[in-house]
Every structure is written in structure tokens, then in C-alpha cells.
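> The structure's right below; bear with me while I get my questions together.
The values are calculated or read from the model by the stated rules, or taken from the named source; none is laboratory data. In this text, all values refer to a predicted model and were calculated from it rather than measured experimentally. Neighbour counts are summed over all protein chains in view; Cβ atoms, including those assigned to glycine, are modelled from backbone coordinates with ideal geometry. What goes into the accessible areas is simple: the full protein's heavy atoms, side chains included, and nothing from ligands, DNA or RNA. Shrake-Rupley method; radii C 1.70, N 1.55, O 1.52, S 1.80 Å.
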Amino acid sequence: MSSVGTQTVEQQHTSHEEDTGLWSWITTVDHKRIAIMYFVTATFFFFVAGAKALAIRVQLMFPEQELITPEVYNQFFTMHGTTMIFLVAMPMAVAFFNYVVPLQIGARDVAFPRLNALSYWVFLFGGLYLNSSFIVGAAPHASWVGYATLTMPEFSPGQNTNFWLIGLSILGIASIAGGVNFITTIINMRAPGMKLMRMPLFTWMTFVTSFLLITAIPVIGVALIYLGFDRLFGTVFFQPAGGGDPVLWQHLFWIFGHPEVYILILPAFGVISDVIPTFSKKPLFGYPIVVYAGLLIGFIGWGVWSHHMFTVGLGPIADSFFVAATMIIAIPTGVKIFNWIATMWGGSLKFTTAMLFSVGLVAVFTVGGLSGIMHASAPVNLQQHDTYFVVAHFHYVIVGGAMMGLWAGLYYWFPKVRGRYLSETLGKWHFWTTMIGFNLTFFPMHFAGIFGMPRRIYTYSAELNVDIYNQLATIGAFIFALSAVIMAWNLVKSWRGGEKAPANPWGAPHLEWSIPSPPHHYNFPAIPTVQSREPLWNDGEREAILAVTMEEPETEPVMPNPSYWPILLAASITLIWALVMTGIWWVIALAILPVIYCVFKWGMEPAFPEGH
Amino acid sequence: MAQAAAAVDDHGHTTTGISNFKVGFWTFIASECLFFGTLISTYMVYKGRAVVGPYPAEIFDVLITTISTTVLLFSSLAMVLALHAVQLGKKKHAIMWLLAVIAMGGIFLGMEFNSYLKYIDYGLTLGSSTFGSSYYVLTGTHKVHVVLGMVWMAVLIWLIARNRIPPAKAEQVEIAGLYWHFVDIIWIVIFTLVYLIQ
Ligand SMILES: [Cu+2]
């Protein structure tokens, strides 16, 4: 009996290792494959949302143009923001969580591999659902913050806003499931000796971000439920006629929205906190301080939301409190910046593309941080609110911070994923076109904003005298678009023909570099023991770890079964949410049946091959 | 200082010693706390803002709700006993107690829906006022949680009847119990804030 069992298991292994067909991707529960799917999908949406940005920039290049109608313009800026945040920046960070965290902590997979696959499919279907609104000509049009009154049925009739609120609800499910998964993985699946204060910074920031996900997403979830009920079932949460208050939406949205900013930025901070020490050949300066600063940012991030609402008129006491809290949160952020600089100080620096993007982040994000402190002051904020100054600020933070950090991570970890380097020549082109294009696009917007150019309006008057800033921004946007094309070309070219990379091409200190590139599907033949923060930089420890991680096992470790229930469950979850658009109680209630069926079958399915 | 690192198997992980399933579920419950926290806060802010009646004090029948709350509380006791029976391998007892959980959940829901009908008669609907909107969405969300819990219990009964939950797998029932107790505690909070402190 047992020999037959072993044979089956071995056959499954060989088939798993070699299987690269479409079905193997659809049913995969391997965190590394899910990571690749996340990255490819997020990059696809990056181009989709980028195209909308280009259309916006062409429309705004000259005053009083009519290339795009106001209605279409509203849809474009709404979907540009919504897509970039929920379908690009967040899932691209999750791609790195998926690939890197299990390898950094010495685990074979995440805690819940099938739930991980579910997160991906829900994200994909939610993203496709959201974008399908363009096909029926009813794309969301009330901006990514979806302020109430604008989203109420009398001002937003039709399905546009329904697509938005249902799409975001679907995506929220993926985020919460992801947060639960990574918290459990990091708490419970670290290699022996990997104490919390030995974890690489990227794992630490994934941990903090996951907590923000599971706590912030429910708040916007409730807000979206209220919005859906107001639109479809006649409640009066945001309807002043019934006693409701549109400002409630603003509170709920920003209680979620500010932590969301840190959900976007902390993963990037994690990436460069791993990249900068590697290319400085020095341990991270003040490791515990960087960790605590990250925790503090995550914590204080909950108490600053009303700095988005200074123009609402909450009163001087509330305003003062939120001004102070917002200024205070700049301190741990500044501390991190000093730690990165101190890490480079006196190090033997190597400016690879990953390092360039990291240093670029420190420079550009600092500009965004400084403009942030400017409008943290309520009186200044009143001048800058809803102008292009704010547009400049948050692009410096989210593109210059989050996206540049993720691109640093792309160049850093690509050799691990593929066993080949990304081209450094194209990489440097990618970096410099990004720096030039990005700054040319967004720096002039500070001036356009100060001179009074309002955001979210499809054109502007020639009398404002902001033409030159808009023309520079439009030229910059096309250079920035070119940088994205260079990146895509580099990915395609290097995936097949990149220069071969060894297990630890950068001489980096963490566990993910102790295994072959690309890793086996089981990651670690046996789990190594860790004794320090930089295990591969300590001579005795490195040899002991490599003896374990580089060996070929006689029998391969048993890995979880592939499963098609994640994709089916994701489809049924998307279906029930999409049916909410009908507003018919019993249709929605009936659609719970396929969800329950899929959950049931999922629960019945053995997660591992027989006998394990 | 570096000593030779020894290879260990999966079970040598640095961990809490609590199973992944349970850690994950506690994390989910933390997320649910924020969810209900937001719903309850909205209710507290909004109940006093209703510009038209009926108002809470006019329609709530604390006695009836106390009875239904007590029934739900006792269902948690039945849940504890069901888990105990599963851990001891007492299949019939386990099924009996789980049926009791479902029955008490059903009585709770029945009484609550009866109250809903009464409130609608008084003119309190989803759209009548901020009180109506926030009351029905808060308590309705809780009821959806109760219904899903009952479905979960029914599946557990089916599994136990087919001998698929031996004492070694009692954790499956324990997790369902965690969920049920959580839904119960949320109701205690709602009962206190919505019905007792009007
Ligand atoms: Cu903010």
C-alpha cells in the first residue's frame, strides 16, 4: 500500500515541476506562480490606466480644448485613479509579498495556499468587472474618492457608480483574504531562529501592511455598503433630505483612505530597506529604529484622516488636532530617510538599476513628503485644496514612493524569479526616462496648482496663465510613458534572453538568496536555521545554511494539491456582487447558493496528496 | 559566533504554537471587529439625527429583545457542549448540541424578524430616517452572520454524521465555535448600545 502511495506522490511531483500548461496556471496554489500572475495583471492594468492619463494630458495641453467631452473626462480621471491604486499599486505590492515573503522567512508556501489563489482570482475578476463598465459606456465618473452627493442617484443616475462601488467591494475581499494570509504566514511559518527582530525589513513592512489591510478595508467596506443601499434600496445614509449627512462618507472614506496611503508606501519602504544595504555592503543602519518607525507610521496613520477634510468646516479644535497629528507622522518617515542615508554613508556603493530606483525613491519621495507637510497646515491647505498642487503632491508620494520602490524590487528580485538578470542597460534607460519624465510631468503641477488651476475639471481658462506648466507636464507624461514601454520591453527580452544569474547575484544577506535561481517549486529542500539578521553575510552561518538549502533532496517535499475551486469560488463571488446591480433581493439571495457550494467543495477537497 | 546551523523539518518553524487555521481565523475576527465597529458607530451617531419618527424609545420592546438575546446566549453554551462532545468522540451528543445551536439561532431570527414586522408597521423602514437606515443595516448585517453560522453548523452535522470529524479534527468545530461566539458577542454589544442605552 505505502509503496503505491509513494509512487503516486512522486509522479505528481514530476508532473508538477514540468507542468507549464494553461490549466496548471489556473489551478496553481504555488505562491511563486501566483506572484507572477499578480505582477503581469497589475502591469497590464498599469498600461490601461496610463493610457487614460495620456488622454487627460493631451486634453489639458492647451487651454479650452474640446478633444474629450467633460463626461468622458470624468470617467477617465476617475478610472485612472481607481485603477492605479486598486489594480496597480496594491496588487503589484502583493505580487512581491507573494514571491518574496515565504522565501525570506524560510517557508515552502504561504499559510493558506488556496486562499492565496482565491485572492488573485477575485482581484482579477474584480478588475475586469470594474473595467467592463467602459464596454457598456457607464464607467465610474465620481472620482476615486466617490464623494456622496455626487454619487447619489439624483446626480449619478445609471450604473456608473454601481460599477465603482461593487468593483471596490469585490477587490476588498481579495485584500482582506491576502492580509489574513500574510499575517498568519509571518506569525507562524518562520524558519527556526528567525525571531521577529531578525526578519528582513521587506517582511516586516508586509506584516505591518497586512494589519492595515485587515483593519482599513472593512471601514470602506461599510461605507460602500451604505452607498449601495442608498442607491439601490432607498436608505438615507448620505441623503440630507432624510436627515443623512454626506460628510459621513468623507469620514469613513478617509479613515480608510489615509491608512491606504501607507498600504501603498510601506511595501516600497520595505523593498528599499533591503536593496540599499545590499548595494552598500553594510547592514541597515539602526534596524530596530526602522522597524519601530514603520510600526509607528502604521499606528499614527489611523489618526490623521481629517487632514483631507479641512475645507469641510469641522471647527478649529478638530482641525488643530489633525494638523498636529499629521505633522507628527512626518517624524518617523523622516527617521527612515535618515536611516537609509546613513546606511549608504561610508558604504561601498554599487549603482545597479535596483539601487538607482531606491535612491531615486529617497530623493523624490522627500519632495512629496515636504509638500505634504505644507498642506498639513490647515490655513495653507485651504489655498491648495482641490488644486493641481495636491495632484503633484500625491503623485510624488505614490509614483515617486510606492511605484519606484516596486520597480527597485523588480530589478532586485527578477534574477531570483527567472534565473536571469534584467538588462542593466535597458534598466538604466528605464530609470532615467522615469526620473526625467516623472519630474517633468509633476513638478510643474505644483505651480499650476499654486496659481489656482483646479483639479478634476476637463479644461482651464487661458487667463489662468498656466499653459506652460501644462505643456511641460504633457511632454513629461509621454517621456514617462516611454519609460514604461522600455520596462515592458526589458521584461519580455530578459525573460527569454537575459544574462544567466547565480543563486545570489548581488551578494545579498537574506534567505531568499540561499536557494537556486529560479527556486524549486518546494523552495527549501529542508528548512535552514537562522542566527542573525544577515545570515548570508556571516561566514560560518552562510556555509551551514547553504549546505541545507542548495542540496538536492532524495525525495521531494510534499506540496499542496493544485485546485480549481479558488477560481470557481472567485467567479461565484464576483457573480453575486455583480447581481447586486439589479437591486432585486431574491436574485441576490439565490446567488449565494453557488458561493456556498464552492466553499463546501473547497472544504471537502484534501489540501495535500493522500496520506499527508 | 556563528555555529553550524542544523537542518530541521517543517515542524521546527518559529511559530506561535497555535495552528495556522486558528491564527488566520482570529485575524479575520479582528477584521470583522472593525466592520461591526464602523456599523455600530454610525448607528450611535445617526440615531439622534432622525428628523422624523418613529424614534427608538417609541418602538423598541426591551422585554422581547431580552428574551431573544437570552436564547442566542444559550446557543453559545450549546456550542461549547457540542465542541466538548466532538473532542470526546461522542457523535450523537455532538449532533444534538449542534442541532440545538441551529434551533436557537432560528428562534432568535424568528423573534427578530417578528420585531422587524412590528417596526415596519410603526413606519420605521430602510428609508424613513437615518435611525431606520442605520438600525436595519446594522442588525441586518448581524442576521446575515447568524444565517451563515447556521449553514456552517449544518455542514458540521453532516460531516460528523459521516464520521469525518474524529476527536483529532475537533479544531474544525472549535473554529466554527469561535465564529459563533463572536457573532454572539457582537449581538451583546448591539443589544447594550441599541436597546438598553437608548
Ligand atoms: Cu492622508
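> Quickly work out the B:Leu193-to-A:Leu128 label distance, labels modelled 7 Å from Cα along the C-beta direction, and quote it in nm with one decimal.
The answer from the label model is 3.9 nm.
> Let me ask you something else. Residues of the protein assembly as shown: accessible area per residue at 1.4 Å, in Å²? Don't jump to the answer; show the numbers that get you there.
Working: 31170 Å² over 810 residues.
Here the residues of the protein assembly as shown average 38 Å² of exposed surface.
> Rounded to whole Å, give me the distance from the Cα center of region A:593-612 to that of region A:368-432.
When both Cα centres are located, 42 Å separates them.
> Can I ask one more? Using only protein heavy atoms and a 1.4 Å probe, report how much of B:Asp61 is accessible, in Å² to the nearest 10.
60 Å²
> Now for a separate question. Gain in length, A:Val492 to A:Asp467, computed as 0.36 nm per residue apart minus the alpha-carbon separation, to one decimal in nm?
Numbers: separation 25, 0.36 × 25 = 9.00 nm, distance 3.80 nm.
Taking A:Val492 through A:Asp467 to full extension adds about 5.2 nm, to one decimal.
> Further, regarding this structure: How far, in nm, would the chain grow between A:Leu370 and A:Met197 when pulled straight, counting 0.36 nm per residue and subtracting the alpha carbon separation? Working shown, then result.
On the way: separation 173, 0.36 × 173 = 62.28 nm, distance 3.05 nm.
Roughly 59.2 nm would be gained on extension.
> If you don't mind, there's one more thing I want to ask. Give me the angle, in degrees from 0 to 90, between the Cα long axis of helix A:404-418 and the longest principal axis of the Cα atoms of chain A, rounded to the nearest 10.
Between helix and principal axis, roughly 30 degrees.
> So which trypsin sites (Lys or Arg not before Pro) in region A:164-235 are both in a DSSP loop and have at most 13 other Cβ atoms within 10 Å of their Cβ?
Values: sites: A:Arg190, A:Lys195, A:Arg198, A:Arg231; in loops: A:Lys195.
Counting only loop positions with at most 13 other Cβ atoms within 10 Å, the trypsin sites (Lys or Arg not before Pro) in region A:164-235 are A:Lys195.
> Along Cα→Cβ, 7 Å out, is where each label goes; now give me the distance between the ones at A:Leu590 and A:Met550 in nm to one decimal.
The modelled label-to-label distance comes out at 6.3 nm.
> With each label point set 7 Å from Cα along the Cα-Cβ vector, what nm distance links A:Val485 and A:Val312?
Rounded to a tenth, the inter-label distance reads 4.4 nm.
> Right, another one. Counting only other chains, and only Cβ atoms inside 10 Å, what mean value do you get across the residues of B:128-138? The partial results should precede the final answer.
Details: counts 5, 5, 10, 2, 4, 13, 6, 0, 3, 7, 1.
The shielding value for this peptide is 5.
> From the square roots a ≥ b ≥ c of the eigenvalues of the alpha-carbon gyration tensor of region B:2-196, which class results: rounded (a/c under 1.5), prolate (a/b over b/c), or oblate?
Numbers: a/c = 3.51, a/b = 1.70, b/c = 2.07.
The shape class here is oblate.
> Another question, then. Quick one: Cα centre-to-centre distance for region A:128-195 and region A:32-99, in angstrom?
14 Å
> As a test question: what accessible area, to the nearest 10 Å², does A:Ile289 have when a 1.4 Å probe is rolled over all protein chains in place?
Rounded to the nearest 10, the figure is 90 Å².
> Now, a different point. Cα centroid distance between region A:287-321 and region B:157-183, in Å?
With region A:287-321 and region B:157-183 each reduced to a Cα centre, they are spaced 42 Å.
> Counting only the backbone N, which residues of region B:103-145 are under 16 Å from the spot 7 Å out from the Cα of B:Val151 toward its beta-carbon?
Within reach of a label on B:Val151: B:106, B:141-145.
> Of the heavy-atom accessible surface of the protein assembly as shown (probe 1.4 angstrom), what whole percent is carbon and sulfur? Kindly include the intermediate steps, with their values, before the conclusion.
Details: 22140 of 31170 Å².
C and S atoms contribute 71 percent here.
> Let me ask something else about it. Given contacts defined as C-alpha pairs under 8 Å and at least six residues apart, what's the relative contact order of chain A, whole-number percent?
Numbers: 959 pairs, mean separation 111.9, N = 612.
Worked out over chain A, it gives 18 percent.
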